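Reviewing the structure listed below.
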Amino acid sequence: MLIDLTGRTALVTGSTQGIGFAIAAGLAQAGARVAVNGRRPQSVDDAIEKLRQETDSDSFIAAPGDVTTEDGARQVTDAAPDVAVLVNNLGIFGATPALEISDEAWRQYFDVNVLSAVRMIRAYLPAMKDRSWGRVLNIASDSAVVTPVEMIHYGMSKTALLAVTRGFAKDAAGTGVTVNSIIAGPTHTRGVEDFVYQLVDPGLPWDEAQREFMVKHRPQSLLQRLIEPEEIANMAVYLSSDLASATTGGAVRADGGYVDSILP
C-alpha cells in the first residue's frame, strides 16, 4: 500500500512534541509539506530542526501561534494559508477529583480541546470544499467513550469533539472532503509520563510505573502497554490520503483495544 501525499500541504496543531510531532513526521515522510504549530516560535523552530533530522525532509513550514485565540489562529492561517490536510491535535489533559473541577477548568478544557478545533475547521474547510478535496482529522481519545473518573472534564471535551467531527462531516457531504476523528488510546508521551506519575508512586522506575498504571488504571487495554505516538501517526497518515476516500464522519479507533465495545 503506497501512501503519497506529494503536493499536499498539511497543518498539525500542537505538533512540537508527542503525538502531533509524530503525525507531522509521518505526513512529511509520505511527501506532504507540513506546517508545524506551537505557541512559541522558538519551540516550532526547534521541532522543525528535529523533524528535518528524523525524516530527511525539508518540507516544513513554521506556523507558530496560539490557536485557542482568534489572533493566534490568524497568525497560523497567515503562515499556512492553503491547507489540504488539517489535523487538530492540540489538547490538554490532567487528573482532578470530580468535585474539585472548577468552572474555569471546565471552560478551559472546552476552549482548548474543542473550540480551537472548530476555529481551525472554519478557517480551512471552505477552501477544501471549493477544491473538492480535503482531509480534516480531530485527535480524540478513548476518554470520549470511556469517561475517566479522574478527568471528567477531559472526557467531556473529547466526547464533544466526536460530535463536532460528525457535524462537520455532514456539512462537507458530497464535496470530496472527509472529516474524521481518531480515538487514540493511552499513548506514551512526555505529558502522559507526568500524568502516570500523578496516579502511581513517583519513585518507581518508568517501566514499573507504566505497568502499574496499565494494571490499575487502564486494565481494559488489550495491548496491555502504552501506545507509541508513531502508531497513532500511522492511522492519521492513512486517513489523510486518497486511500481513505470512503471514510468520513467516523470515529476511527487506534486505542489498543481499550474501548470495550464493538462500535465506539
(message) What pairs come out if I take residues in the range 87-106 that are modelled with pLDDT of 95 or more and pair them with residues that are assigned to a loop (DSSP other than H, G, I, E, B) and of a type outside the set (S, T, N, Q) whose C-beta lies under 8 Å away, six or more apart or interchain?
(response) ASN89/GLY14; LEU90/GLY14; LEU90/VAL67; GLY91/GLY14
(message) Kindly evaluate ASN37 against the criterion of being closer than 26 Å to TYR154 by Cβ, at pLDDT 95 or above, out of contact with any Gly (no Cβ under 7 Å at 6 or more places or on another chain) and surrounded by 15 or more Cβ atoms within 10 Å (Cβ to Cβ).
(response) no
(request) Among the residues of the range 55-72, write down those that are out of contact with any helix residue (DSSP H, G or I) (no Cβ under 8 Å at 6 or more places or on another chain) and buried (at least 20 other Cβ atoms within 10 Å of the Cβ). (result) none
(request) Take ARG52 and decide whether it is within 19 Å of THR9 (Cα to Cα), open to solvent by 50 Å² or more (accessible area, probe 1.4 Å) and part of a helix (DSSP H, G or I). (result) yes
(request) Go through GLY31, GLY7 for me and flag whichever is modelled with pLDDT of 95 or more, open to solvent by 10 Å² or more (accessible area, probe 1.4 Å) and within 15 Å of TYR238 (Cα to Cα). (result) GLY31
(message) So ALA80 ticks every box in (1) surrounded by 20 or more Cβ atoms within 10 Å (Cβ to Cβ); (2) in contact with a helix residue (DSSP H, G or I) (Cβ under 8 Å, 6 or more places away or on another chain); (3) touching a residue at least 40 places away in the same chain (Cβ under 8 Å) but one. Which box is left unticked?
(response) (2)
(request) Return yes when ALA160 is buried (at least 18 other Cβ atoms within 10 Å of the Cβ), within 22 Å of SER261 (Cβ to Cβ) and among the aliphatic types (A, V, I, L, M) and no when it is not. (result) yes
(message) Go through (1) within 13 Å of the chain's Cα centre (by Cα); (2) farther than 17 Å from GLY134 by Cβ; (3) at pLDDT 95 or above for ASN180 and report which single condition fails.
(response) (2)
(message) Can you tell me how many residues within the range 27-49 are within 22 Å of ASN113 (Cβ to Cβ) and assigned to a helix (DSSP H, G or I)?
(response) 4
(message) Among the residues in the range 139-152, are any within 23 Å of LEU243 (Cα to Cα) and in contact (Cβ under 8 Å) with a residue 24 or more places away in the chain?
(response) yes
(request) Specify the residue that is least open to solvent (accessible area, probe 1.4 Å); the eligible residues are those in the range 182-237 that are of a type in the set (S, T, N, Q) and free of Cβ contacts under 8 Å to residues at least 40 places away in the same chain. (result) SER221
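The values are calculated or read from the model by the stated rules, or taken from the named source; none is laboratory data. Computed from a prediction, not measured in an experiment: that's the story for all the values here. Methodologically, a virtual Cβ is constructed for each residue, glycine included, from the backbone with ideal geometry; neighbour enumeration extends over all protein chains shown. These area figures cover heavy atoms from the full protein model, side chains too; ligands, DNA and RNA do not enter into them. Shrake-Rupley method; radii C 1.70, N 1.55, O 1.52, S 1.80 Å.
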